[in-house]
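Remarks on the structure that follows.
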Amino acid sequence: MRKKVTIMGAGNVGASCAQRIAERGYADVVLVDIIEGLPQGKALDMLQSGPVVSSDARLTGTNSYEETADSDIAVITSGVPRKPGMSRDDLLLTNMEIIKGVTENVVRYSPNCIIIVVTNPLDAMAQLALHVSRFPRNRVIGMSGILDTTRFRTFLAMELDVSVEDVYAVVLGGHGDTMVPIPRLATVGGIPITELLPPQVIERIVERTIKGGGEIVSLLKAGSAYYAPAAAVAQMVDSIILDKKRILPCAAYLEGEYGIEGLFVGVPVKLGARGIEQIMEIRLTPEEDAALKKSAEAVRELIQVMKLG
Ligand code: APR
């Protein structure tokens with residue numbers, strides 16, 4: 001029997017996730033939204049691409065939760081996206097109510113699933129989903145770091161005119177303006193970028209990475225990025241469903257790792273069939289450590305607004 005992946009929210013991010021995952025062919029996909037007809041129409045449209053893309057995955061769209069029962073993974077994208085001039089944190093109060101209700105329904109119908117949170121502000125929404133679900137921390141994961149690192153990798157590959165496949169990078173911290181790209185650990189074919197690019201160029205790329213989401217919001221004017229976020233979600237789903245145990249940067253609930261207690265923050269993790277199977281700790285320089293702690297404090301402020309900590 002194929003695995004089952006439910007996607008909450010059939011908007012830009014949710015529908016793009018559904019398409020990418022269904023095309024893998026290893027899981028059936030259920031798309032859920034509150035707008036009548038929207039998930040049904042998109043699911044039917046994607047289903048009819050199956051013969052062309054050689055995928056037998058079944059796609060279903062629904063406005064209720066019954067069809068989501070016994071999902072292996074639930075991806076939460078429901079909520080409102082940013083508009084120009086808004087930070088991710090400005091979405092807190094609106095999306096908080098949505099994530100609370102959605103998580104309760106996910107747990108009711110799929111008590112053993114792994115939850116991937118995409119809705120912003122990401123770290124705060126992941127913490128809310130952990131709190132509401134009462135799942136163990138390995139089964140609630142935030143999608144942030146893969147998106148931030150894929151932006152970093154793209155810009156580095158463009159600058160050096162090399163294949164994106166050979167560029168690796170690490171970004172730590174919250175998914176917001178305080179995120180912490182670590183240039184010291186970025187490599188091209190195993191060569192540190194600090195040996196290939198002058199500091200001012202690296203600085204420019206780091207800045208563009210940090211503001212990467214905002215750059216797209218200001219271009220789109222209505223809504224925020226969704227192609228790269230969906231690609232990042234699909235990579236996480238691959239690693240879990242296929243038990244690949246990839247080391248990927250994700251938002252994870254820290255219980256003392258990196259000196260941070262009781263907070264979702266972006267760190268490298270091992271993703272496998274059990275969700276987060278290991279949190280990878282890196283020894284940081286004092287400057288990197290200070291930047292990570294500052295980023296964690298920004299997340300903690302949101303948690304306090306939500307009265308979760
Ligand atoms: N249950 C299910 N779906 C919901 C609910 C709910 N309670 N509330 C809202 N939705 C749906 C909306 O009807 C809409 O179709 O969530 C969808 C969100 O889609 P978009 O508005 O297109 O937003 P999108 O670009 O997909 O972003 C969603 O992901 O990256 C983050 O910041 C982004 O928080 C935002 C989220």
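The values are calculated or read from the model by the stated rules, or taken from the named source; none is laboratory data. In this text the structure is predicted, and so the values were computed from the model without any measurement. Positions of Cβ are backbone-derived with ideal geometry, glycine not excepted, and every protein chain shown enters the neighbour counts. Heads up: the accessible areas ignore ligands, DNA and RNA and are worked out on the full protein's heavy atoms, side chains in. Shrake-Rupley method; radii C 1.70, N 1.55, O 1.52, S 1.80 Å.
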Revision key, fill the gap. Taking segment 19-53 and keeping only residues that are within 16 Å of the ligand (Cβ to nearest atom), among the hydrophobic types (A, V, I, L, M, F, W, C) and open to solvent by less than 20 Å² (accessible area, probe 1.4 Å), one is left with Ile21, Val29, Val30, Leu31, Val32, Ala43
Check your understanding: Checking Asp238 against (1) within 16 Å of the ligand (Cβ to nearest atom); (2) in contact (Cβ under 8 Å) with a residue 60 or more places away in the chain, which test does it fail?
Key -> (1)
Check your understanding: For Asp123, which of the numbered conditions (1) within 21 Å of Ile73 (Cα to Cα); (2) open to solvent by 30 Å² or more (accessible area, probe 1.4 Å); (3) more than 10 Å from the ligand (Cβ to nearest atom); (4) of a type outside the set (Gly, Ala, Ser) fails to hold?
Key -> (2)
Exercise for review: Please find, within segment 198-224, the residue that is farthest from the chain's Cα centre (by Cα) out of those that are in contact (Cβ under 8 Å) with a residue 40 or more places away in the chain and open to solvent by less than 20 Å² (accessible area, probe 1.4 Å).
Suggested key: Ile205
Review point. Can you tell me how many residues in segment 33-65 are in contact (Cβ under 8 Å) with a residue 40 or more places away in the chain and among the hydroxyl-bearing types (Ser, Thr, Tyr)?
Key: 1
Review point. Hey, among Asp70, Asp89, which residue is of a type in the set (D, E, K, R), in contact with a Lys or Arg (Cβ under 7 Å, 6 or more places away or on another chain), closer than 25 Å to Leu128 by Cα and open to solvent by 40 Å² or more (accessible area, probe 1.4 Å)?
Key: Asp70
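Just to be sure, is Asp56 open to solvent by 30 Å² or more (accessible area, probe 1.4 Å), assigned to a loop (DSSP other than H, G, I, E, B) and touching a strand residue (DSSP E or B) at 6+ places or on another chain (Cβ under 7 Å)? So that I can check it myself, show each step before the final result.
On the way: open to solvent by 30 Å² or more (accessible area, probe 1.4 Å): yes; assigned to a loop (DSSP other than H, G, I, E, B): yes; touching a strand residue (DSSP E or B) at 6+ places or on another chain (Cβ under 7 Å): no.
Spelling it out, it is not the case that Asp56 is open to solvent by 30 Å² or more (accessible area, probe 1.4 Å), assigned to a loop (DSSP other than H, G, I, E, B) and touching a strand residue (DSSP E or B) at 6+ places or on another chain (Cβ under 7 Å).
Inspect segment 179-186 for any residue being outside the structural domain of Met125 (by TED's automatic domain parsing), open to solvent by less than 50 Å² (accessible area, probe 1.4 Å) and within 16 Å of the ligand (Cβ to nearest atom) and give the result as yes or no.
Within segment 179-186, one or more residues are outside the structural domain of Met125 (by TED's automatic domain parsing), open to solvent by less than 50 Å² (accessible area, probe 1.4 Å) and within 16 Å of the ligand (Cβ to nearest atom).
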Check your understanding: Counting only residues that are in contact with a helix residue (DSSP H, G or I) (Cβ under 7 Å, 6 or more places away or on another chain) and more than 10 Å from the ligand (Cβ to nearest atom), which one in segment 92-102 is most open to solvent (accessible area, probe 1.4 Å)?
Key -> Met96
